[in-house]
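Before anything else, here's the structure in question.
The values are calculated or read from the model by the stated rules, or taken from the named source; none is laboratory data. Note that the structure is predicted; figures quoted are calculated from it, not measured. Don't worry about glycine lacking a Cβ; one is built from the backbone with ideal geometry, like all the others, and counts go over all protein chains shown.
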Amino acid sequence: MKKTLTALAGLFCLFFISCASNSFGSLCEFPVIDSGDLASGRYVVMGEVSGTSYISMTNDEYNKLIKNEFSYDPQNISVKFENDTATYGFIGKPVNIKLNVFERSAALAEYDLIQNAKYNEADAIACLKSETTVSSDYHRTTVKTVVSGFAVKVKADSGYTIKQRPVAAPAAPSVPEAEAEAADETDEVEGSDAAEISD
């Protein structure tokens, strides 16, 4: 029983503890369509798209990271991942800012897939599949994730035209009165200097 509780506690840490310092360059979500809805006639299946990520770290960093995640008192270990572009995608799930190494690898691959889907003007993904592998050599450990799915486009209803709503121009930034007066005095001084020079 004690061993079972230990394993469950370790798994809980593995999925919910951040394993590296968080630095985000881009975060995006993308919808997923249930495969059963494809027969409704409301969607066009465009073809398969995929995304891939490779992140690596030293073997020592990887071992420390995994050991820490399975501990009773996990710490936030800062790991500098090679090939981590800090661009994370989330397909069919909300954005998560606490990512362990496997979630981070998946989010990088999903971002790649989302960009490929957007490039083909897809509206959603169906039949999402994901595979993650871990490999090590003498010095480094690499986590690779490949995700794939079918790019789906929603059939537009005829007779509707989307109108662009008017957007007001952003207001000019307000200048404090003291700064405005100082600017006026500077302009006056510069103007008098220019007059003296011209004389």
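Pick from Tyr119, Tyr88: which is of a type in the set (Phe, Trp, Tyr) and in contact (Cβ under 8 Å) with a residue 40 or more places away in the chain? Reasoning before the result, please.
On the way: Tyr119 fails: in contact (Cβ under 8 Å) with a residue 40 or more places away in the chain.
None of the others qualify; the one that does is Tyr88.
Further, regarding this structure: Scan segment 96-131 residue by residue and report those that are charged (D, E, K, R) and in a helix (DSSP H, G or I).
Glu103, Arg104, Glu110, Asp112, Lys118
Condition (residue is part of a strand (DSSP E or B), in contact with a helix residue (DSSP H, G or I) (Cβ under 6 Å, 6 or more places away or on another chain) and among the β-branched types (Val, Ile, Thr)) applied to segment 50-70: is it met by at least one residue?
Within segment 50-70 (the criterion being part of a strand (DSSP E or B), in contact with a helix residue (DSSP H, G or I) (Cβ under 6 Å, 6 or more places away or on another chain) and among the β-branched types (Val, Ile, Thr)), the answer is yes, since at least one residue qualifies.
Looking only at segment 27-74, which residues are farther than 20 Å from Asp123 by Cβ, hydroxyl-bearing (Ser, Thr, Tyr) and within 25 Å of the chain's Cα centre (by Cα)?
Hits for segment 27-74 are Thr52, Ser53, Tyr54, Ser56, Thr58, Tyr62.
Turning to a different aspect of this structure: Which of the residues belonging to segment 125-171 are among the small types (Gly, Ala, Ser), more than 30 Å from Thr58 (Cβ to Cβ) and touching a residue at least 60 places away in the same chain (Cβ under 8 Å)?
Once the filter is applied, which keeps residues that are among the small types (Gly, Ala, Ser), more than 30 Å from Thr58 (Cβ to Cβ) and touching a residue at least 60 places away in the same chain (Cβ under 8 Å), segment 125-171 yields Ala126, Gly149, Ala151.
Also, I was wondering about something else. Name the residue, out of Lys129, Lys155, Lys93, Lys163, that is in contact with a Ser or Thr (Cβ under 6 Å, 6 or more places away or on another chain) and either at pLDDT 95 or above or basic (Lys, Arg) (or both).
Details: Lys155 fails: in contact with a Ser or Thr (Cβ under 6 Å, 6 or more places away or on another chain); Lys93 fails: in contact with a Ser or Thr (Cβ under 6 Å, 6 or more places away or on another chain); Lys163 fails: in contact with a Ser or Thr (Cβ under 6 Å, 6 or more places away or on another chain).
Going through Lys129, Lys155, Lys93, Lys163 in turn, the sole match is Lys129.
Now for a separate question. Look through Val146, Val101 and report the one residue that is touching a helix residue (DSSP H, G or I) at 6+ places or on another chain (Cβ under 9 Å) and surrounded by 20 or more Cβ atoms within 10 Å (Cβ to Cβ). Talk me through it step by step, then tell me what you get.
On the way: Val146 fails: surrounded by 20 or more Cβ atoms within 10 Å (Cβ to Cβ).
Step by step, each of Val146, Val101 is checked, and only Val101 is touching a helix residue (DSSP H, G or I) at 6+ places or on another chain (Cβ under 9 Å) and surrounded by 20 or more Cβ atoms within 10 Å (Cβ to Cβ).
Among (1) closer than 30 Å to Ile66 by Cβ; (2) modelled with pLDDT of 95 or more; (3) out of contact with any Leu (no Cβ under 6 Å at 6 or more places or on another chain), which single condition is Asn116 missing?
(1)
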